[in-house]
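Trainee: Mind having a look at this structure? Questions to follow.
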Amino acid sequence: MKKIIFLIPLIVSACASVTPHQYTTQQGKMGYTLTCSEFNTTWEQCQSKAGELCSQGYEVDKQLSFKESFPDSGDGIYRPANNHLAVVCKDSAG
């Protein structure tokens, strides 16, 4: 039982992270896609992480940004939605 109690905070902290993935646009600019789970991450935290990655600011890529929601399967297990924020850094050039 003590092992389970020890593991719970580790699992929760892992779920709370914002996961960025770098990509390059067709114009040669650097961008990031960030996956932010609604379980423990607010939309503001996701935007804050985008600001950290793009020090000179960013523009939201609306074609690649979306909200991924999961239907209720009826088994009592709730799966929170994921927000996918795609940003193009203003300070990057190709």
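The values are calculated or read from the model by the stated rules, or taken from the named source; none is laboratory data. What you are looking at is a predicted structure, and each value in this text was computed from that prediction instead of being measured. Note that each Cβ is placed from the backbone with ideal geometry, even for glycine, and that neighbours are counted across all protein chains shown.
Trainee: May I ask you to list pairs of residues, at least six apart or on different chains, whose Cβ atoms are under 7 Å apart, with the first in segment 41-52 being hydroxyl-bearing (Ser, Thr, Tyr) and the second being buried (at least 18 other Cβ atoms within 10 Å of the Cβ)?
Mentor: From residues that are hydroxyl-bearing (Ser, Thr, Tyr), the pairs are Thr41/Val18.
Trainee: Further question: Got at least one residue in segment 52-66 being farther than 10 Å from Ala86 by Cα, at pLDDT 90 or above and either surrounded by 15 or more Cβ atoms within 10 Å (Cβ to Cβ) or aliphatic (A, V, I, L, M) (or both)?
Mentor: yes
Trainee: Then there's this: Kindly indicate whether Leu85 is on the phi < 0 side of the Ramachandran plot, surrounded by 14 or more Cβ atoms within 10 Å (Cβ to Cβ) and in a loop (DSSP other than H, G, I, E, B).
Mentor: Against the criterion (on the phi < 0 side of the Ramachandran plot, surrounded by 14 or more Cβ atoms within 10 Å (Cβ to Cβ) and in a loop (DSSP other than H, G, I, E, B)), Leu85 does not qualify.
Trainee: Any idea how many residues of segment 25-40 are out of contact with any strand residue (DSSP E or B) (no Cβ under 6 Å at 6 or more places or on another chain) and in contact (Cβ under 8 Å) with a residue 40 or more places away in the chain? Even if it seems obvious, please write down each step before you answer.
Mentor: Step one: filter segment 25-40 for residues out of contact with any strand residue (DSSP E or B) (no Cβ under 6 Å at 6 or more places or on another chain), giving 26-28, 38-40.
From the residues that got through so far, the ones that are in contact (Cβ under 8 Å) with a residue 40 or more places away in the chain too are 27-28, 38-39.
The number of residues fulfilling the criteria is 4.
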